[in-house]
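The values are calculated or read from the model by the stated rules, or taken from the named source; none is laboratory data. Everything quoted here is computed from the prediction, not taken from an experiment. Glycine also receives a Cβ, built like all others from the backbone with ideal geometry; neighbour counts cover every protein chain displayed.
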Amino acid sequence: MKFQLPSLLLGLAASAASAQNQTGPFYLQIVGQKNSSIMGYGNSCHTGAGMEGLCYGPGQVPESIVASFEYYFNYTGNTVVDDAQVGQVIWKLPYTDSNGNTALEPQTLGLQFTTDSNVASTNFGLGECSSDLNVGFDADGKLFAWNYIDDSTFTPGTNPVPSGVGKAYYQWYVCYIYYTGYYYQAIGWSATSPPHNPTCQPVDIIQVFPSS
């Protein structure tokens, strides 16, 4: 898919997706847990102007639209958890520049919660639409989300002191999600268990590099 994007919006996104190091392209394989039949790959699907969701596609990566399934990982090398780098997952949005040529603009993976659910949708956005979710891939290639502080350890009146190391979390689900008028099967993140959305099924998301 290609979009014509305003130059101002592209400028807002330029610094958000920058990093010292980048790996990719790779695919995000989606594997169901607990004897689930889910087996497929994540792909970027349109959810609004300059926004894409991380949708679930069963089966193999279609050769005709490989670019929608290709992702990158940006990291600075400053944050590591369990020997795994922490950074951002990137999708490169194709658009038509002012000269009529096809160019690519990085979008970062983020989460979008609503007030009535503990399940967030996963979205790739530009500028203010991007929330830069901190993630990484562990030794088995599984995608995790990272945070440096755990509020379950809080006590009244005591300011917590972050360890600086943080923890990896694996709370990914495939759900039917409603977002900006679209209803689609996509990757969700449940902040607590069980998910409020009854269509959610737990999954692992695995980094898979294309065969050379």
_If I filter segment 18-54 down to residues being closer than 25 Å to Ala84 by Cβ and among the β-branched types (Val, Ile, Thr), which single residue comes out as nearest to the chain's Cα centre (by Cα)?_
Ile30
*Residues of segment 59-113 that turn out to be within 18 Å of the chain's Cα centre (by Cα) and in a loop (DSSP other than H, G, I, E, B), as a count*: 3
_Filtered residues of segment 53-68 (kept if of a type outside the set (Ser, Thr, Tyr) and surrounded by fewer than 22 Cβ atoms within 10 Å (Cβ to Cβ))_ = Gly57, Pro58, Gly59, Gln60, Val61, Pro62, Glu63, Ile65, Val66, Ala67
*In segment 104-118, is there at least one residue being surrounded by fewer than 21 Cβ atoms within 10 Å (Cβ to Cβ) and in contact with a helix residue (DSSP H, G or I) (Cβ under 7 Å, 6 or more places away or on another chain)?*
yes
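Take Ser64 and tell me if it is of a type in the set (Ser, Thr, Tyr), without any contact (Cβ under 8 Å) to a residue 24 or more places away in the chain and over 28 Å from Lys167 (Cβ atoms). I'd like the intermediate steps shown before the answer.
Working: of a type in the set (Ser, Thr, Tyr): yes; without any contact (Cβ under 8 Å) to a residue 24 or more places away in the chain: yes; over 28 Å from Lys167 (Cβ atoms): yes.
Yes.
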*What are the residues in segment 83-99 that are in contact with a Phe, Trp or Tyr (Cβ under 9 Å, 6 or more places away or on another chain) and farther than 21 Å from Phe124 by Cβ, if any?*
Ala84
*Regarding Trp189, is this residue surrounded by 18 or more Cβ atoms within 10 Å (Cβ to Cβ) and modelled with pLDDT under 95?*
no
_Residue check, Ser212 in contact with a Gly (Cβ under 7 Å, 6 or more places away or on another chain), modelled with pLDDT under 90 and among the polar types (S, T, N, Q)_ = no
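Could you grab me the full set of residues in segment 156-186 that are surrounded by fewer than 11 Cβ atoms within 10 Å (Cβ to Cβ) and basic (Lys, Arg)? Before you say what the answer is, go through the steps one by one.
Restricting attention to segment 156-186, the residues satisfying the condition of being surrounded by fewer than 11 Cβ atoms within 10 Å (Cβ to Cβ) are 156-159, 161-164, 181, 183.
Within segment 156-186, no residue meets the criteria.
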